[in-house]
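Take a look at the structure below.
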Amino acid sequence: MAEPLLRVRGLNAWYGESHALHGVDLDILPGETVTLVGRNGVGKTTTLRAIMGIIPRRTGEIRFDGRDMIRVPLHRTAHHGIGFVPEERAIFSSLTVEENLLLPPVVAPGGMEIAEIYRLFPNLEERRASPGTKLSGGEQQMLAIARILRSGVKLMLLDEPTEGLAPVIVQRIGEILTTLKARGMTVLLVEQNFRFAAKVADRFYLMDHGQVLDGFPVSELPARMAQLTETLGV
Ligand code: ATP
């Protein structure tokens, strides 16, 4: 079996005194798309934040691309090849689309040129001079993803990218993830929309109480749907 690009073992994380992750274990192989599922508040977003280093109080093992990341601070994480697209998208509203794209530094080789990004996101090219405030939710989500592609990261952490978006935009985001996968991008996704996740994910991890309980390939999703619907209350 190939070496995982990301290996997480016994990951604990705290918000102040509040203990949010209780020993998360997961592996992601190079080029895989893996989806975290679980009820609200079980620690999916916190897992992404702890891997990225946004939550400074964390213990355990985070091995990425052969490097121990547990003591790497947030401002260095992107340099090692991990990018984070938060649920709130964090677009700079006073900057134009193109300025938002150009702002993050290129931190690793293999990042996309702006022309390549516009080929993948023709709607962003059309809107290149529009300020962030004028973008629709779907355009903001695409910009948030596009911005990370330029920086050259190998692993993208994506938090609920389809939330609140119209079906046609959700489909477009699915196509973009499929294209990125074909180019070798590795993705860890938090997603409540199973129909979307089934199209893009290779595997799923089920979380509860700040831990990963179970993992299964997408081929098992239909057989597990009844159990998941009951566990997740969706
Ligand atoms: P959701 O889909 O609702 O975001 P989640 O599975 O992503 O759910 P997290 O957001 O990771 O869950 O939250 C895990 C736990 O940490 C919850 O108990 C939550 O209340 C707590 N938590 C999240 N963010 C903070 C914060 N900034 N400060 C303190 N506690 C937090």
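Just so you know, all these numbers are worked out from the coordinates, no wet-lab data involved. Everything quoted here is computed from the prediction, not taken from an experiment. All Cβ positions, even for glycine, are placed from backbone atoms using ideal geometry, and neighbour counts span all protein chains on display.
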*Debye log10 I(q)/I(0) for segment 1-84, one point scatterer per Cα, at q = 0.13, 0.17, 0.22 Å⁻¹*: -0.38, -0.66, -1.11
*Between N193 and residues 5 or more places away or on another chain, which pairs have amide H atoms under 5 Å apart, with H built 1.01 Å from N, and which residues are they?*
none
*So which lysines can K199 reach, going by Cα to Cα under 27 Å and dropping same-chain residues fewer than 8 places off?*
K44, K154, K181
_In 10 Å bins starting at zero, report the fraction of Cα pairs in segment 47-177 per bin as a rounded %._
13, 42, 33, 12, 1
*So for T162, T45, T229, fewest C-beta neighbours within 10 Å to most, what's the order?*
T229, T45, T162
_How much of the DSSP bridge set in the chain is antiparallel, in percent, rounded to the nearest 5?_
60 percent
*In square nanometres, what is the average projected area of the Cα convex hull of the chain?*
12.4 nm²
